[in-house]
Structures are given as structure tokens and as C-alpha cells.
Amino acid sequence: MLVWERPEPPDRPVPAPLNRERIVRAAIRLADADGLEAVSLRKVATALNVGPMRLYGYLAGKEELLDLMVDAVHAEIRPAGDSWREMLRSLAETTRQAAHEHEWLADLLGGRPQLGPNALAKGEVVVAALSGAGGIDVDSVMPVVSAVNAYVIGAVRREIAERRAERATGMDEKRWQVALGPYLDRTFASGRFPALATVVRDAAHHDADHTFRVGLDFLLDGIEARLV
């Protein structure tokens, strides 16, 4: 029986009250502060001032805890829109926002089944909007949603990786450009990469927000062209 279906044990107020929600919230606080490596049943138990074995009455192990953490964040992803395009854009943007607020989510998105109540409720809203007023046929709904989710997961993982690298090295994008500029100048001067040289030198370089929106527009335009 999955964790979503198992009833919780009766609450015992001594030495400290406990339930799955408190456990998950404590784990999320640890992960938000120090990443997933800071999350273990022992560390969560310490944060809650209870013994680690007590948590096993609520969870089978860390994997269930991670599933519960992901589903808790799904409650923060609330897509909305009057058309299929608005709904998919909202899905992409709210998922990205949640990943930036909880960096560890980028490490788990796409790699775990989204079967918790919050994930299913979000999926119901999206699918209902696309297959109802959106007019997308039932065979196309899931491939369309999967395409948008794949784009978002790839984009946020890149953005989070860049953010982590900046923290680790103390070098932002401009400092990287200064550091790598001479190498690129020498490489492009060889004439072996003319297309790349043109793009690097002449194309507009936008921030992550603009880049995300433009890429999403390309994807949604392609979906629309396929559906027409």
C-alpha cells in the first residue's frame, strides 16, 4: 500500500506531537536551507525533537519522505488559464517558480511518479482544461503536457546548476565571460567554428527569464501548429 493510502498512527503528544505533515515540513526546511544531502530521517527527527525510530511509524524510509516532499511542493504549483495555451504557460511558469523557491525540487522532478494527492489534483486541473474547453483530443493531451514538463525540467535544472556553480565559484555570468573571453577569441579566430562565432558575437544575450519565455513560446507555437 502506498504512503498516500496508509493511515497515520494515532498521535502521541509525548514527548512531541507528530504527523506526516510536520515531518514533511521539517524535511523541506532542511532541504531548502542545505539541499537534499541535509535530509535524512535522523536529521528530521532531530529537528522535530523526537527519536528517529518514531518516524518509521509514519514512513517506510527516506524514499517515501522524498515522495511526500515533492507532493507537498506540488500544492504550490497552481496553474490556471482560460485557454490551453494559457494553462500550459501557467503550468510551466509556476513549476519553474516552485523549483527556484525549492532548489532541491530540480533534482527530483521527472524522476519520481507524481501520484500524490496534490500532484494528481494539479494534473486534473491541467488535463481538464486541455481536453475540455481547450479542445485537445484525448490522445494528444498527455504528449502535450509531457512536452511542456520536459522543457521546464530541462530549463530549471540548467538554471539551478548555474546558480549552484555561481555560489561555489563566486563567479557570475559576467565574470565567466571575462575569464573565458580570451580563449573563445583565440578559438573563433581559427575559423573552425564560424556559425558559433557569429551567434556568440552578434546574437542578443538575454537573461534566464527572457530565455525561458522565448523557449516556451517556441514550444507552444509548435504545439499549436501540430494541433491546427
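The values are calculated or read from the model by the stated rules, or taken from the named source; none is laboratory data. These figures come from a predicted structure and were not determined experimentally. Quick reminder, even Gly has a Cβ in these numbers, built from the backbone with ideal geometry, and neighbours come from all protein chains shown.
Could you please let me know if residue 98 is free of Cβ contacts under 8 Å to residues at least 40 places away in the same chain, of a type in the set (A, V, I, L, M, F, W, C) and touching a Leu at 6+ places or on another chain (Cβ under 7 Å)? Judged against the criteria, residue 98 is a match.
Residue check: is residue 213 surrounded by 13 or more Cβ atoms within 10 Å (Cβ to Cβ), under 30 Å from residue 94 (Cα atoms), at pLDDT 90 or above and within 24 Å of the chain's Cα centre (by Cα)? Step through it out loud before you land on a result.
Working: surrounded by 13 or more Cβ atoms within 10 Å (Cβ to Cβ): yes; under 30 Å from residue 94 (Cα atoms): yes; at pLDDT 90 or above: yes; within 24 Å of the chain's Cα centre (by Cα): yes.
Taking the combined requirement at face value, the residue satisfies it.
Selection within the stretch 76-120: residues that are farther than 26 Å from residue 62 by Cα and in contact with a Ser or Thr (Cβ under 7 Å, 6 or more places away or on another chain). The member of this set that is surrounded by the fewest Cβ atoms within 10 Å (Cβ to Cβ) is 80. For the stretch 42-62, the criterion of being in contact with a Lys or Arg (Cβ under 7 Å, 6 or more places away or on another chain) and either in the same structural domain as residue 128 (by TED's automatic domain parsing) or within 19 Å of residue 118 (Cα to Cα) (or both) is met by at least one residue. Of the helices (runs of 4 or more DSSP H) contained entirely in the stretch 148-228, those carrying at least 1 residues that are out of contact with any strand residue (DSSP E or B) (no Cβ under 8 Å at 6 or more places or on another chain) and closer than 22 Å to residue 83 by Cβ fall at 208-227.
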